Amino acid sequence: MVRLEADVIKIVSYARSWEDNLNILSLLPFAKERKQKIVAFCMGEKGKISRIFSPFLGAAWTYASLNQSKTSAPGQLTAQALKDIWKKMR
């Protein structure tokens with residue numbers, strides 16, 4: 001993707017363990033050091049934590065649904081839930 005000069009690189013995997021989140025999130029500072037925009041997080045119930053923290057670690061964005069019935073991937077949070085979590089983190 002870098003060789004093809006992609007504007008943003010997106011890497012999403014399915015978290016089968018909690019450690020999978022650490023692996024995918026470690027890509028964010030790596031890309032940031034190289035001034036490459038990236039979106040990287042994990043799907044699935046165990047991947048929710050990476051969706052929450054990825055923007056804080058340098059992801060260009062994360063994904064959220066308008067409501068629980070409109071999710072497009074396993075583990076996707078609603079926009080309101082994500083906002084509430086981020087608010088509590090301050």
Exercise for the section: Could you please find all residues in the stretch 51-70 being open to solvent by less than 50 Å² (accessible area, probe 1.4 Å) and either in contact (Cβ under 8 Å) with a residue 60 or more places away in the chain or in a helix (DSSP H, G or I) (or both)? Expected result: Arg51, Ile52, Ser54, Pro55
Problem - Residue identified as among the basic types (Lys, Arg), touching a residue at least 12 places away in the same chain (Cβ under 8 Å), surrounded by fewer than 18 Cβ atoms within 10 Å (Cβ to Cβ) and out of contact with any Phe, Trp or Tyr (no Cβ under 6 Å at 6 or more places or on another chain) among Lys88, Lys48, Lys37, Lys83 - result: Lys37
Practice task
Among the numbered conditions (1) buried (at least 18 other Cβ atoms within 10 Å of the Cβ); (2) closer than 14 Å to Ser13 by Cα; (3) touching a strand residue (DSSP E or B) at 6+ places or on another chain (Cβ under 6 Å); (4) touching a residue at least 24 places away in the same chain (Cβ under 8 Å), tell me where Ala73 comes up short.
Solution key: (1)
Exercise for the section: Determine which member of the set Ser65, Ser26, Ser54, Ser50 is in contact with a Leu (Cβ under 6 Å, 6 or more places away or on another chain), hydroxyl-bearing (Ser, Thr, Tyr) and under 25 Å from Arg90 (Cβ atoms). Expected result: Ser50
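The values are calculated or read from the model by the stated rules, or taken from the named source; none is laboratory data. The structure presented is a predicted model; accordingly, all values stated were derived computationally and were not measured. Please note: Cβ atoms are built from the backbone with ideal geometry, for glycine as well, and neighbour counts cover all protein chains shown. Accessible surface is based on the protein model in full, side chains and every heavy atom, while ligands, DNA and RNA are left aside. Shrake-Rupley method; radii C 1.70, N 1.55, O 1.52, S 1.80 Å.
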